[in-house]
Structures are given as structure tokens and as C-alpha cells.
1. Place a label point 7 angstrom from the Cα of B:Ala372 along the Cα-to-Cβ direction, then list the residues of the range B:293-336 whose backbone nitrogen is under 15 Å away.
2. How long are the semi-axes of the equivalent ellipsoid of chain B, taking √(5λ) for every eigenvalue λ of the Cα gyration tensor, in whole Å from largest down?
3. Counting helices only, and only those DSSP H runs with n ≥ 4, report the 222 nm mean residue ellipticity of chain B as the sum of -39,500 (n - 2.57) divided by its residues, in deg cm²/dmol to the nearest 500.
4. Report the relative contact order of chain B, percent, no decimals, based on alpha-carbon pairs under 8 angstrom and at least 6 residues apart.
5. Stokes-Einstein D for the protein assembly as shown at 20 °C, 1.002 mPa s, Kirkwood Rh over Cα pairs, in µm²/s?
6. Mind grabbing the base-10 log of I(q)/I(0) for the range B:128-170 at q = 0.25, 0.27, 0.32, 0.33 Å⁻¹? Debye formula, identical points on the C-alpha positions, no solvent, two decimal places.
7. So which DSSP H runs in chain B come out at 20 Å plus along the axis (Cα) with average Kyte-Doolittle of at least -1.0?
8. Can you tell me the alpha carbon radius of gyration of the range B:105-152 divided by the globular rule-of-thumb value 2.2 N^0.38 Å?
Amino acid sequence: MHNLRLSFISLTSGAVGVLLVVYIGLIAVVMSYAALTVEFSQSVKNDEAAVAVLEAHYLASVASVTDTNYLAEGYAAPSAQLFVPARSVTALR
Amino acid sequence: MRAQFRSRIRLVLTFIVLAALLTLLRLYFIQIVHGAEYAQKADRQFASGGSGLFDRGSIYFTRKDGTLISAATLATGFLVAINPQTITDPAAAYSAISAVASSTLSRDAFLAAAAKKNLVYVEVAHHLSDADGQALAALGIPGVQVLRESWRYYPGGSLAAQSIGIVSYGSGDTLVGQTGLEATYDGVLSRSGDSLYKNFFAELFSNVGSLLVNAKDAHEGDVVTTIEPEVQTRLQDDIAKVNQRYSSDDSGGIIMDPATGAIIALTSYPTYDENNLQNVDPTLLGNPLVEHVHEFGSIMKPLTMTSALDAGVITPQTTYDDTGCITVNNAHICNWDSKARGVIPMEQIILQSLNVGASWVATQLGQDKFRAYFTELFGQKTGIDLPNEGHALLSNLSQPEQVDYDTASFGQGIAETPVQMIRALGAIANGGVMVQPHLASAVRLDSGITRTLDWSQTTRIFSATAAHETTQMMTDMVDTVLQGGRAIIPTMSVAAKTGTAQLTKPGGGYYTDRFFHSFVGFFPSYNPRFIILLYTDNPKHVEYASETLDSTFLDLVHFLIDYYQVPPDRGLPSTQTGAPASSG
């Protein structure tokens, strides 16, 4: 136990070295995390924008279907419409 | 032992120093060797200049099955900027940019901008797609920067444009909601700017409090509307056709759930494309359905009738002597055809739309009660979640002359917004209870919580009995009068009323050849799922609303029955449980 005495210089040098590595490592982690965050966030935004394009196609299709005059396209108007009564929501009714 | 320990310490220190050197070496390569490359990459991720990476919450339509479809969202792409100080060949740069950018500066403007050597940043093109932006960046043109940007995008274009609203630069340098839901819910939709690229460690060191409990998460989010995109498309299409067919000044329509006040579709024509605002008439940016007031004409008669029934001054069996014309305070009030009907019951006032009859009912009700009912119906704003809601003009009801009450009884002399009108008429459909019309049903907060908006405040105006009796009259109108009785749907009760009002002259008085047509209806009559209000302003070469709007109304009724599979409420044998019934 008595032989394990360390000089003050060695101890502080070691501590400084450890702190330096931790500090540099922390900077690297922070920078990497920031870069990944930006990348992922942008990726999400890009995906949302791609979905919006698909939604625009869907809404344009709805508008096209709504605006179509089926009689002008050669289809005949239905001679009668059938309505099916709603089913009872309870077994007892 | 001590020497052995020292050697171990040295070994550890050597390892640490080597690790530090390796890290420094890596940083050297990142920052010095590949610095320019990373800087360019960063530039693409962080737009500089005024545009910025605009961030904002979305607004959603809600399909009938609950699926959310974006009404307003963000698009991402690239903008192109030049640095006049470093650009070497402006003409070649312009050729390359204009080859991929659909909208950019004119050649002359571009060259003039490139000649301004005191500037370092001029944006010359926006909204490039990812592919085009990356292709342009790959060219590596000196003095040309290709930067990431995002912008507000409306997938529906003009769909519900005046309800959704727009964002633009207001008094400040940030984009804010200016009209429609964009303005009403700006506090929910706007972002503080750092939420997208928040750095956990930076937040940890600088502001641990906001990281743990972020107040913004409690109010920033997306807005979910009650607008059904396919119904909205149908209504918008129908209204545009009416307006074009009759060359009207403007037209509009609302479809609402009378039990909840949820607006399923709301439109007016003319409208605009939200993605292309460059040449839009600024007067179109507002929403006339909540901002403009009109004299609606005879669709007011059901409200007069229900008020009198509720007050107990008449019953459905009450009769009066219809003389065709009457004189009140030296003013002549006549039926639409000036013909007398003799002694007839109350229902005929609705069926034949008799002004003399409505005036008689108003007289029976008395001025004080009439004022009380109509003030309760129209005296307050509806509270709809759209900006700049207008006030109804009810000043005639504070006058002592009976003629003002008589004209008000058939919808002239007082003016209301379409939203106020459908809310009031919705009280008849909803058993006498008036609801709060609204467009947004919920807010999806960024915290993940969906906050349902409370629109449950209701006001009882009429008794259920009075509302039911008027509904019966309006249903008989569809079954026996509308389109000569051909509009009847044997398996579905539909209640409706037409309205034709004379338009006011700017200097006072009324035109005799200019009209405002309106139409209201709801179905199934006695447990309605939808109430529809339509109007068209100053249609040409046609006099009555039954000519302009009845086919549009019936088209919408049949569409909604099919689309929502509304089950029949009549015309089926009582023993029938599953067999189909036929309808014309």
C-alpha cells in the first residue's frame, strides 16, 4: 500500500487527459447527434411532402370524377335506385 | 511494484493520448479536408436568407371513414440564390437555372441582379423539386447556391380555399395565418422555429427546464377539420355550375350536421387557388359565408312559423283569409303572384310561400315576441371558428312600424350571414335546439395528445313540437310542390324551403328585376343528418329560386344518401327487414 503513492504531476496529467478525451468525445457526440437530428427531421419532412403529393393526386381524382358528365360519356342514367334499409343495431329489435 | 504501476499508468495515458490524437485527426479531416463539402451539405439543410426552413402544423380534411387528408401542409424542395460577387458567368448560370426552374426571374432581371456586386445573396428561383435541385447543385456553378427550403402547400388547390385560408407575411417578417382556419388557429399551427432541429444536448446544457416540460408542446399541433373532401368537392362543383349557368354575381353553399354543428362542406364561388396567389383578387380571400350579410327571402318563413307555433299564437290548424295583397303603414305587401287564396290553413303559407300569410303570422306573434325570437336567432355571432364574422342587420326590428316586422317575416328588411342562417334553420331540424357551427373538430398536439374541441354549447329556441310541426310543412312542400311533386323520394323524407328576395338598391329601395335566390333543406326530415343551405346572388334571366337551386339541392341530397348510405326512413313495408325498396 505504501508503494502505491503517485506523484501529483502524474495524477493531474491523467485527469487532464481523461477530461480532454471526454470533452472531445462529447463534442463529437453532440455534433453527430445534431447532424442525425437534422437529417431525420428533414427525412420526415420529405416524406410528409411526398404524402402531400399523393393526397393532391387523390383530391384531383375526386374532382375529376365529380366533374365527369357520365351521360356525355355514353352512360345511361339509372332507371331506378335501390335503397337498402338499415339493419337493426340490436338483436332484439 | 511501484515501477510496474507506473508503466501501467503510462500505458493508459498513451492510449488516452492516442485516442485524443485520433479524434483530433478525424476532426481535422471533417473540418479542414472535407470542410467545404460539409458546409455545402449544411447549406442545403439550413436555408439562409429570408426564406428559412418554414415550419408550420398541418390542417386536415376528414373523410367519412375518419381518414385524414391534408388540406394544408408543407412541401419541401430547393431555392436557388446567387452571389453576385462570386458568380463568373451570369448568362450561363441563367441558362442552367431556367432549364430546371419553372418560375425564375426574367433573363434581364437575373443579369441585373448578378451585376449588383455590392450584394452577396439574391434569391432567383423557388420551389424546385428535389431532383431538379440536386441536379442543379451537381453542376457546381460558381456563385450559385442551391438551398433547402419548405413552403406552405395546399393539396386541394382551390378546395375549401376560403375556409382553410392562407399564410403570408403580415406586418412582421414571419409567415402567419391571414385568413380562414390558418388565421383562427395560427397559435396552434405556428412553430417557434427551433422545434424541428432541436439539439438534445444543447437544450440539456442551455435550458433543461424547457426540455423536461415544454410549454409549446401543449399548444403547437395540427388542426383536424370536419370538412369531408368528397362532399366539399361535390358542393363546390355544383355551386360553380349554378353560378356559371346563371351568370350570378356570386353563389355559395353549406352542408352541416344539424345535431352537432359540424360543417361538412362550405364553399362560395368565385374562389381561388391557394397554391397560386399571384393574381388573386384580394376581395376573394375572405369568406363571404361568414362575412357578408344578405336578405334571404322566404327561407325565413319557416322561422316565423316556428316562432308563432312555439309562442302558441297559432296552431297548424289555424286559418286566415289570404287576400293576395295587404297595405301596412302605407306599404303594399303582396304574394309572389299577387293572387288571393281565401281562407287557408297555416301549412299553405309554407307550401305556396305566401308573403301575406307570413305577415299575418308576424302580426299574431306581436312585435315584442317577434323581436325576441329573431334576436335570439340572429342577435349574436355564431362563434364559428373563422375570422371576421359579420353581424346580422336587425335594426328594422327596433322600429315601431308593423311593416318592418311583416317584411322581416318573409326575409326582407333584415340581413344575415349564410352561417347565421343555417344555424337558425338548423334549430328547426334539430328539435328546436340551436348548435354552434364549426369547422375544426380537434387539435393534434405535438405532444401526441389529441384534444377534442368543445362545441357542445347549445341554445333551445323552439319547443320540439313547434319544430316538428314546421318540419312537417317543409316535408310536404318537397313531397307535393317541389318540381311539381316529382322531387319526392318515396323512401326518404326531405324537408325544404325556397327563398327569393329582391336585391336592395345602393340608394335605398329594391330592384324589381334583380333577385337573391336561396334554398334550405334537411333530411331525413325527423332525424336529420344533413342540413343544406344554398344561395346564388343576382342570377340572370331567371326569377325564382325554385328554378335555379332545386336541381342542385336534389343532386346533393341524392349524392349524400348514396355516399353516406343513409338508410330510408319511410316507404318501406313494416314487416320488411332486409329487402330493397325502390326509389325514383
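1. B:307-314
2. Details: eigenvalues 787, 157, 92 Å².
After scaling each eigenvalue by five and taking roots: 63, 28, 21 Å.
3. Numbers: 21 runs with 204 residues, N = 584.
The helix-only estimate for chain B comes to -10000 deg cm²/dmol at 222 nm.
4. Details: 1176 pairs, mean separation 78.1, N = 584.
Relative contact order, chain B: 13 percent.
5. Working: Rh = 29.7 Å.
In µm²/s, the coefficient rounds to 72.
6. -0.88, -0.95, -1.14, -1.18
7. Working: long enough: B:2-28 (38 Å, 1.09); B:229-245 (24 Å, -1.25); B:550-564 (21 Å, 0.53).
Sorted by number, the helices that extend far enough and score high enough are B:2-28, B:550-564.
8. Values: Rg = 11.8 Å, N = 48, 2.2 N^0.38 = 9.6 Å.
Against the compact-globule rule of thumb, the ratio is 1.23.
Any read-out appearing in this document is the output of simple, stated calculations on the displayed coordinates, not a laboratory observation. Keep in mind it's a predicted model, so treat the numbers as computed, not measured. Neighbour counts run over all protein chains shown; Cβ positions are idealised from the backbone, glycine included.
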